[in-house]
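Enquirer: Dumping the structure here so I can ask a few things about it.
The values are calculated or read from the model by the stated rules, or taken from the named source; none is laboratory data. Quantities reported herein were computed from a predicted structural model and do not represent experimental measurements. Because the Cβ atoms are built from the backbone with ideal geometry, glycine has one as well, and the counts that use them run over all protein chains shown.
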Amino acid sequence: MELIYALLGIGVVVAAYVILVHNGLVSLRQRVSEAWSDIEVQMKRRYDLIPNLVETVKGYATHERETLDAVIERRNEAMANHGSAEAQARTENMMTSALRSLFALAEAYPDLKANQNFAELQDALSQIEAQIQSARRYYNGSVRDLNTKIEQFPSNIVANFFRFAKATFFELDEDDAAARQAVKVQF
């Protein structure tokens, strides 16, 4: 009879451990989803700001149509991308590069640099970029915590049993050194 109670006690302890680990993994997975949602909100704010920025520049740089079209095209590609963090990072890198071209173009137009609306849009973009960076750091920290828990023993046994998948970090392209520099919005 004691053996039955001992086995029953061990079974309860194991079941409680599995439940705790499973719930912890679910919580971490939800934190990763929430963090990704925060990134998407900030990127949407940036996407909404870009057409206003382009329209302001258009008034001063009408013969620079190619650069302006490239910015809008990259914005539309980034907005349409609903893939993994890795795929989203690629489109974000291309959009950041296009924005750099836009700000470099603005350098050639002193009247544009002095325009109040353009300055306000630059400030707004700068604030959004800072918020995106913050959201990326939080997301990557959440991914790190989830991936660590999935790989650590003995929680990896529970994670494998319930098929928890590792999340992908939101990283810049290592081959694009220019993408590692922040968008310069100061003139």
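Residue by residue, here is whether (1) part of a helix (DSSP H, G or I); (2) at pLDDT 90 or above; (3) closer than 18 Å to D38 by Cα holds:
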{"residue": "S101", "(1), (2), (3)": "yes, no, no"}
{"residue": "N117", "(1), (2), (3)": "yes, no, no"}
{"residue": "S134", "(1), (2), (3)": "yes, yes, yes"}
{"residue": "N147", "(1), (2), (3)": "yes, yes, no"}
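Enquirer: Where the second residue is among the β-branched types (V, I, T) and the first is closer than 30 Å to A130 by Cβ and lies in the range 16-42, which pairs have Cβ atoms under 7 Å and are six or more apart or on separate chains?
Expert: V32/V143; I39/I132; Q42/I128; Q42/I132
Enquirer: To continue, here is another question. Condition test on T91, is it without any contact (Cβ under 8 Å) to a residue 24 or more places away in the chain and crowded, with 17+ Cβ neighbours inside 10 Å?
Expert: Here the answer is yes, as T91 does meet what is asked.
Enquirer: Let me confirm something: among R31, R46, which residue is in a helix (DSSP H, G or I), closer than 30 Å to M95 by Cα and modelled with pLDDT of 95 or more?
Expert: Within the list R31, R46, the selection yields R31.
Enquirer: Kindly indicate whether E129 is surrounded by 15 or more Cβ atoms within 10 Å (Cβ to Cβ) and touching a residue at least 40 places away in the same chain (Cβ under 8 Å).
Expert: When the stated conditions are applied, E129 passes them.
Enquirer: Taking the range 80-92 as the region of interest, how many residues are part of a helix (DSSP H, G or I) and within 23 Å of K166 (Cα to Cα)?
Expert: Summing the residues that are part of a helix (DSSP H, G or I) and within 23 Å of K166 (Cα to Cα) in the range 80-92 gives 8.
Enquirer: For the range 28-55: of the residues being acidic (D, E) and under 13 Å from F170 (Cβ atoms), which is surrounded by the fewest Cβ atoms within 10 Å (Cβ to Cβ)?
Expert: E40
Enquirer: Please work out which one of (1) at pLDDT below 90; (2) surrounded by fewer than 12 Cβ atoms within 10 Å (Cβ to Cβ); (3) in a helix (DSSP H, G or I) is the condition Q186 fails and give its number.
Expert: Against the list (1) at pLDDT below 90; (2) surrounded by fewer than 12 Cβ atoms within 10 Å (Cβ to Cβ); (3) in a helix (DSSP H, G or I), Q186 comes up short only on (3).
Enquirer: Tell me whether the range 98-108 contains one or more residues that are within 14 Å of M43 (Cα to Cα) and of a type in the set (A, V, I, L, M).
Expert: yes
Enquirer: Would you say E86 is within 23 Å of R137 (Cβ to Cβ), surrounded by fewer than 18 Cβ atoms within 10 Å (Cβ to Cβ), in contact (Cβ under 8 Å) with a residue 24 or more places away in the chain and of a type in the set (D, E, K, R)?
Expert: yes
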